[in-house]
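Undergrad: Here it is, the structure in full.
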Amino acid sequence: QNSSAMVRVSMASNTNRGQLKPVISSDLADLTKLMLLAKDKLRLKGVKGFYTAIGVELSDGAALQDGMLILAHRGEDFVGKVIASPERNGTDAEDRPLVDSAPTLFTRTWMPQDAPSISDNRLRILSFNNLAPCLAQGTTDLEGSGDAVDVSSPRAWGVRYAAKPGGGKQLSHNFRCSASALEWEKRLPMLQTELYQHEPDLMCLEEMDATAFPDVRAFLERQGYSSGICSEPKGGANNFVAMFWKVDRLEADGGSEIIYLKAAGTITALMQRFRLLDVSSTETGAPATFVALVTHLKAGIKEMDEQDRAKQIEDLLIILEKYASPDEDVLFAGDFNAHVQDLPFHAAKGQSAKYPPCLQGLAVPRLLRAGFRCAVEEATG
């Protein structure tokens, strides 16, 4: 009689991949038990089956592996792009060999800051917005155009409005490049280079989703990082924040805390205390600790949006005050969608009377008043 082993797989809804749940299962798929787990963990009723991350229907007895992603469905078609290339046909995304890293397309000028007050025991921290695959929508009418855009336009880069296939309401998060330029398979090798080129001790990542998280985790584990932690958004959110750290430098001290910043739970923060394995406290001799927090605040360039971000910062500061010890360092990272200085408005011709001359910064100044130092401001002056 064959005995099966137990594996830890990631389970999400086919229609809402943001609610990613780890579950323990036999390494041979038992659909009946998996459906019960989906009902318990995801609160999904009427589950009829599961897709793999590339859209293959999971069958009874199929092999499951640690870290594999399975998507519960209720009879609807697979949501996402079905991968059917010869190299990957019939295999799950987590089964494939790691892809090679590729040179980044960006040339950056780094501005190192040295100060006498900094000790030799340094930590290198990376905060990075990955652009979640579920949000990476290109513009279909640019296909075959060489990704060219009219750079003379003040809105040449960034997002644009584009009609949904078949008509209907316009989509506001279509990037001004061809859809093929944003394919996850194309971006992942370059993303690996961006993440690892400076070998950060701690990575605070925004816009992870059920597609990106397993791939990034697999790559980073091979580089000596932890398996990572992530938040669990509610309310239909399909992306989240995460942390990964070098296991030879940092160790998690207790479990992570997920903070919900809106009633719907679509904006979250992730908080974790760490031990510095190679730095001891001068008072106790035990490993020194610090608290890290990563978040992705509300987007938008309206006054109300900045007020909401300031309120979210205020809520997080209250939580940090209770969580962190008085003498404990705190790292506050994330995509704040905010700005250090007031942001000038460039209204359309004839519309300037409707808008104030600038958007006053509220979120970042609140952190500065709380005693935080802004790495961007100090590096750029």
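The values are calculated or read from the model by the stated rules, or taken from the named source; none is laboratory data. As the structure is a computational prediction, the values presented were derived from the model and not from experiment. Cβ atoms come from the backbone with ideal geometry, glycine included; neighbour counts cover every protein chain shown. With ligands, DNA and RNA removed, areas are computed over all heavy atoms of the protein, side chains included. Shrake-Rupley method; radii C 1.70, N 1.55, O 1.52, S 1.80 Å.
Undergrad: What is the antiparallel percent of DSSP beta bridges lying wholly in the range 252-332, to the nearest 5?
TA: Of the beta bridges lying entirely in the range 252-332, close to 75 percent run antiparallel.
Undergrad: Please give, to one decimal in nm, the separation of the simple spin-label points placed at Glu199 and Asn129, each 7 Å out from Cα toward the Cβ.
TA: Roughly 3.0 nm, to one decimal.
Undergrad: Given a Förster distance of 35 angstrom, what is the FRET efficiency for Asp327 paired with Arg222, based on the Cβ-Cβ distance and rounded to 0.05?
TA: According to the calculation, E is roughly 0.45.
Undergrad: With labels modelled as points extended 7 Å from the Cα through the Cβ direction, what inter-label distance (nm, one decimal) is found for Asp253 paired with Ala5?
TA: Output for this residue pair reads 3.4 nm.
Undergrad: So, R0 is 30 Å and r is the distance between the beta-carbons of Cys358 and Ile318; what FRET efficiency does that work out to, to 0.05?
TA: Once the sixth-power term is evaluated, E becomes 0.60.
Undergrad: Ranked highest first by average number of other Cβ atoms within 10 Å, how do 25-34, 61-70 line up?
TA: 61-70, 25-34
Undergrad: If you don't mind, there's one more thing I want to ask. If I stretch the segment between Met190 and Leu368 completely, what's the gain in nm (0.36 nm per residue apart, minus their alpha carbon distance), one decimal?
TA: Contour length minus the Cα-Cα distance gives 60.7 nm.
Undergrad: How much area per residue is accessible in the range 253-335 when the probe is 1.4 Å and only protein heavy atoms are counted (Å²)?
TA: 50
Undergrad: Asp77 versus Thr109, label points 7 Å from Cα toward the beta carbon: distance in nm?
TA: 4.9
Undergrad: Express in nm, to one decimal, how much length is gained between Lys33 and Val340 on full extension, taking 0.36 nm for each residue of separation and deducting their alpha carbon distance.
TA: Contour length minus the Cα-Cα distance gives 105.4 nm.
Undergrad: I've got another one for you. If each residue of separation counts as 0.36 nm, what is the full-extension length gain between Gln65 and Ser280 once their alpha-carbon separation is subtracted?
TA: 73.6 nm
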